[in-house]
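Asks: Quick one: the structure is below, and I'll ask about it shortly.
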Amino acid sequence: TGYKVEGGRAKQIQKAIGYFATKKEAALFLAEYNTGKAPEQINKPPMTWEQVYEEWYKWKESQMKAPSWETFRKYETMYKKTDRLATRRFVDVRAADLQEIMAAGKDLSKDPQVKLMQVMKGMYKWAMDHDVCTTDYSARVVLQYSDGQTRERKPFTDEEIRQLIDTGSAL
């Protein structure tokens, strides 16, 4: 961490970054440390999908210009569609898992699918910024919303409209 002078000689000041039971454990730790990771990040247990969502959610709430309560409600609703991933380690979730969730909601319209994608992308951005993962699998997911299934609609006939007007029933 620096040097100090003792008796006319410079002596290096050292600081322990960890203690290990075996030389092998120490070497593995040192290899990861030398990649630029902070010591507290190296032996930390991996976060689950749910933990990343909770941390991302807290981070969104803490923003100076946080989304509205309605947006947060939509985030929560969309997150529930990913429940099957809740206990999985975040680093073990792959694009195929995310695509499966999108496929399960293919009967949803575009807006909910876009919100679901926003949640996934936000979680991956937070996770990458906090060294939870190194790959953004949400970038490989394709939206699968329904393209506006049209319902058969039966408009009022002219006669029905006249009846409504005559009876004083206003729409």
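Asks: Take the Cα atoms of the range 87-149, build their convex hull, and give its volume per residue in Å³. Intermediate values should be presented prior to the final figure.
Replies: Numbers: hull volume 4.7 nm³, N = 63.
Looking at the range 87-149, the number lands at 74 Å³ per residue.
Asks: State the extension gain, in nm to one decimal, for the chain segment bounded by ALA26 and ILE165, taking 0.36 nm per residue of separation less the distance between their alpha-carbons. Kindly include the intermediate steps, with their values, before the conclusion.
Replies: Numbers: separation 139, 0.36 × 139 = 50.04 nm, distance 8.58 nm.
Value of the extension gain: 41.5 nm.
Asks: How much of the accessible area of the chain, probe 1.4 Å, is carbon plus sulfur, in whole percent?
Replies: Within the chain, the accessible surface is 51 percent carbon and sulfur.
Asks: Also, I was wondering about something else. So if I take the alpha carbon set of the chain, get Rg, then get Rh from the Kirkwood formula, what is the Rg over Rh ratio?
Replies: We get a ratio of 1.31 for the chain.
Asks: Measure nothing fancy, just the Cα-based angle from helix 158-167's long axis to the longest principal axis of the chain, in degrees from 0 to 90, nearest 10.
Replies: In the chain, helix 158-167 runs at an angle near 90 degrees to the longest axis.
Asks: Separate question: Report the percentage of all Cα-Cα pairs in the range 1-67 whose separation exceeds 20 Å, rounded to a whole percent.
Replies: The calculated P(r) of the range 1-67 puts 59 percent of pairs beyond 20 Å.
Asks: How about the range 1-40: which trypsin sites (Lys or Arg not before Pro) there are in a DSSP loop, with at most 12 other Cβ atoms within 10 Å of their Cβ?
Replies: Hits after loop and neighbour filter: LYS15.
Asks: Averaged per residue, what accessible area in Å² does the chain show with a 1.4 Å probe, protein chains only? Spell out each step's value before the answer.
Replies: Working: 12710 Å² over 171 residues.
Per residue, the chain has 74 Å² of solvent-accessible surface.
The values are calculated or read from the model by the stated rules, or taken from the named source; none is laboratory data. All of these numbers come straight from a predicted model, not from anything done at the bench. As a convention, Cβ positions derive from the backbone with ideal geometry for all residues, glycine included, and neighbour counts pool all protein chains shown. Accessible surface areas use protein heavy atoms only, side chains included; no ligands, DNA or RNA. Shrake-Rupley method; radii C 1.70, N 1.55, O 1.52, S 1.80 Å.
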